[in-house]
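These notes are about the structure you will find just below.
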């Protein structure tokens, strides 16, 4: 079950599904993305603030999930 995977274990599912970006709100999500060689997009709506997410190595830090569509569009559609 994919939902039971934690931190670096998430890399298994990310690789299996060909994920190149992983969005999460926890330090374990950052570790999972890193282990899968995926871009880590961290959202500061969970237990950690922007500074903690940056310090943990997130590639991108958003203050809220509502920022994601604009970020995604700019990154992948050249807006």
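The values are calculated or read from the model by the stated rules, or taken from the named source; none is laboratory data. In this text, all values refer to a predicted model and were calculated from it rather than measured experimentally. Virtual Cβ from ideal backbone geometry, glycine too; neighbours counted across all protein chains shown.
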**OP:** Take region 49-79 and flag every residue that is more than 13 Å from residue 25 (Cβ to Cβ), in a loop (DSSP other than H, G, I, E, B) and at pLDDT 95 or above.
**Re:** 57, 59
Original post:
Just to be sure, is residue 46 out of contact with any strand residue (DSSP E or B) (no Cβ under 6 Å at 6 or more places or on another chain), in a loop (DSSP other than H, G, I, E, B) and modelled with pLDDT under 95?
Top reply: yes
**OP:** Just name the residue that is nearest to residue 76 (Cα to Cα) out of those in region 25-38 that are touching a helix residue (DSSP H, G or I) at 6+ places or on another chain (Cβ under 7 Å) and not in a helix (DSSP H, G or I).
**Re:** 38
